[in-house]
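These notes concern the structure reproduced below.
The values are calculated or read from the model by the stated rules, or taken from the named source; none is laboratory data. All of these numbers come straight from a predicted model, not from anything done at the bench. Because the Cβ atoms are built from the backbone with ideal geometry, glycine has one as well, and the counts that use them run over all protein chains shown.
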Amino acid sequence: MRRAELSLLRPDFRTALVGLMERLDEQQIPLAPFETIRSPGRQAELYGRGRNPDAADYGRTVTRAQAYQSAHQYGLGADLVFRLANGVWTWDEPQRGMWDVYTRLAKSCGLETLSFERPHVQIAGFDWRHLTPGPMDEAGWLDWLAQPEAGRVA
């Protein structure tokens with residue numbers, strides 16, 4: 001299930017993300033949170049897309065990160081996607097150069113984007129290899145995510 005709420009994001013990331021969204025709004029760039037927190041099960045499902053040689057979508061991968069290798073599981077990442085006036089989501093820039101402005105504004109807010117996954121933004125310096133993963137089941141993960149110590153350095 002795709003989730004776009006900000007409430008379970010880590011406070012420092014949420015503050016920076018809200019600041020970024022305010023700057024995007026000032027620049028009239030219609031990017032909005034398409035997905036914020038992501039369960040490890042959903043991450044595993046997205047990772048699997050395009051990797052089954054027998055599937056019709058083989059070769060069209062969605063993410064490089066497996067469960068707990070993404071900032072989404074730790075409440076430290078989000079995907080911002082263009083939301084048009086009619087409510088339609090699109091990954092295509094309404095005007096050329098908007099992704100570049102997004103990247104620049106994200107950096108000014110203490111965030112970083114990924115060159116290979118344009119919509120993704122995360123807390124600067126995120127490195128899952130230094131964090132302790134939580135449980136794989138969704139209910140356990142949500143409880144874990146709500147704890148202040150979730151994902152602390154191993």
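For every residue, the table says whether it meets (1) outside any loop (DSSP other than H, G, I, E, B); (2) surrounded by fewer than 17 Cβ atoms within 10 Å (Cβ to Cβ).
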site: Arg64; (1), (2): no, yes
site: Tyr68; (1), (2): no, no
site: His72; (1), (2): yes, no
site: Ala85; (1), (2): no, yes
site: Leu105; (1), (2): yes, no
site: Thr113; (1), (2): yes, no
site: Arg118; (1), (2): yes, no
site: Gly140; (1), (2): yes, yes
site: Gly151; (1), (2): no, no
Practice task
With respect to Gly140, determine if the residue is touching a residue at least 60 places away in the same chain (Cβ under 8 Å) and under 23 Å from Pro11 (Cβ atoms).
Solution key: no
Fill in the blank from the handout: Going through segment 11-33 in order, the residues found to be assigned to a strand (DSSP E or B) and either free of Cβ contacts under 8 Å to residues at least 12 places away in the same chain or crowded, with 17+ Cβ neighbours inside 10 Å (or both) are Leu31, Pro33
Completion exercise
(1) in contact (Cβ under 8 Å) with a residue 60 or more places away in the chain; (2) farther than 18 Å from Tyr102 by Cβ all hold for Asn52 apart from (1)
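Yes or no, residue by residue, for (1) under 21 Å from Ser7 (Cα atoms); (2) hydroxyl-bearing (Ser, Thr, Tyr); (3) in contact (Cβ under 8 Å) with a residue 12 or more places away in the chain; (4) out of contact with any Phe, Trp or Tyr (no Cβ under 8 Å at 6 or more places or on another chain):
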{"position": "His72", "(1), (2), (3), (4)": "yes, no, yes, yes"}
{"position": "Gly77", "(1), (2), (3), (4)": "yes, no, yes, no"}
{"position": "Arg83", "(1), (2), (3), (4)": "yes, no, yes, no"}
{"position": "Trp91", "(1), (2), (3), (4)": "no, no, yes, no"}
{"position": "Trp99", "(1), (2), (3), (4)": "no, no, yes, yes"}
{"position": "Ala106", "(1), (2), (3), (4)": "yes, no, yes, yes"}
{"position": "Gly110", "(1), (2), (3), (4)": "yes, no, yes, yes"}
{"position": "Gly125", "(1), (2), (3), (4)": "no, no, yes, yes"}
Completion exercise
Checking Tyr102, Tyr47, Tyr58 in turn, the sole residue that is farther than 24 Å from Arg129 by Cα, of a type in the set (Phe, Trp, Tyr) and at pLDDT below 95 turns out to be Tyr58
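What residue, of Thr15, Thr63, is out of contact with any Gly (no Cβ under 8 Å at 6 or more places or on another chain), under 15 Å from Ala106 (Cα atoms) and hydroxyl-bearing (Ser, Thr, Tyr)? Spell out how you get there, then give the answer.
Numbers: Thr63 fails: under 15 Å from Ala106 (Cα atoms).
Among Thr15, Thr63, only Thr15 is out of contact with any Gly (no Cβ under 8 Å at 6 or more places or on another chain), under 15 Å from Ala106 (Cα atoms) and hydroxyl-bearing (Ser, Thr, Tyr).
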Handout entry: Meets criteria (touching a Leu at 6+ places or on another chain (Cβ under 7 Å) and surrounded by 13 or more Cβ atoms within 10 Å (Cβ to Cβ)) for Leu76
Key = no
